[in-house]
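Worksheet: the structure to be examined is printed underneath.
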Amino acid sequence: QPAPGKDSAPTVTAADAAAAEATSVLRSYVAALSKRDLATMRQLWPTMPDNTVSGFKNLFKLATNFSASLGDEPAPRVNGADADAELRYSLDYFLPSQGAHRQAFRLHAVMHRDGGGWKIRSLEPIR
């Protein structure tokens with residue numbers, strides 16, 4: 001029986017905590033993208049392909065009024081040290097040669113947890 005005046009807090013399972021941690025990494029990735037912080041993006045996704053790195057470098061160099069915003073809150077499915085989730089975000093930016101752009105992304109995020117926490121293993125388009 002709870003002590004008088006204390007509400008019994010809902011129990012947070014290990015899976016719930018792991019899913020919240022994985023969600024935080026995906027949120028941090030989109031926040032780093034919005035800040036054009038490629039170093040943090042690569043810490044969160046250490047296996048980011050070279051062509052993705054160079055694509056972001058080019059975009060960050062050319063684009064102005066750049067922002068990224070998270071779409072629906074990710075809901076990772078955790079299975080031990082692995083997780084996957086749908087990641088939705090949009091990019092808004094201006095290219096002097098082409099004008100304003102808005103791109104929406106819907107990606108399948110595969111993640112893995114090791115001693116250093118959750119990391120993104122891959123982000124692949126969902127068709």
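Full extension of the chain segment joining T52 with A104 gains 17.1 nm, where the gain is 0.36 nm per residue of separation less the Cα-Cα distance. Using heavy atoms of the protein chains and a probe of 1.4 Å, the accessible area assigned to T47 is about 80 Å².
Spin-label pair L62-R77: with each label point 7 Å from Cα along the Cα-Cβ axis, the two points sit 3.7 nm from one another. Share of carbon and sulfur in the accessible area of the stretch 33-72 stands at 50%, probe radius 1.4 Å. Maximal additional length on extending the A20-S97 stretch stands at 23.7 nm, based on 0.36 nm per residue less the C-alpha distance.
The equivalent ellipsoid that matches the C-alpha gyration tensor of the chain spans semi-axes of 33, 17, 13 angstrom, in descending order. Can you give me the angle between helix 50-62 and the longest principal axis of the chain, using Cα atoms only, in degrees from 0 to 90, rounded to the nearest 10? Roughly 70 degrees, rounded to the nearest 10. Taking Cα atoms only, the orientation of helix 14-34 departs from the longest principal axis of the chain by about 20 degrees. Summed over the residues of the chain and divided among them, the accessible surface reaches 61 Å² per residue at a probe radius of 1.4 Å.
The values are calculated or read from the model by the stated rules, or taken from the named source; none is laboratory data. These figures come from a predicted structure and were not determined experimentally. Cβ sites come from the backbone with ideal geometry, for glycine too, and all protein chains shown count toward neighbours. Side chains are part of the model used for accessible areas, which takes the heavy atoms of the whole protein and leaves out ligands, DNA and RNA. Shrake-Rupley method; radii C 1.70, N 1.55, O 1.52, S 1.80 Å.
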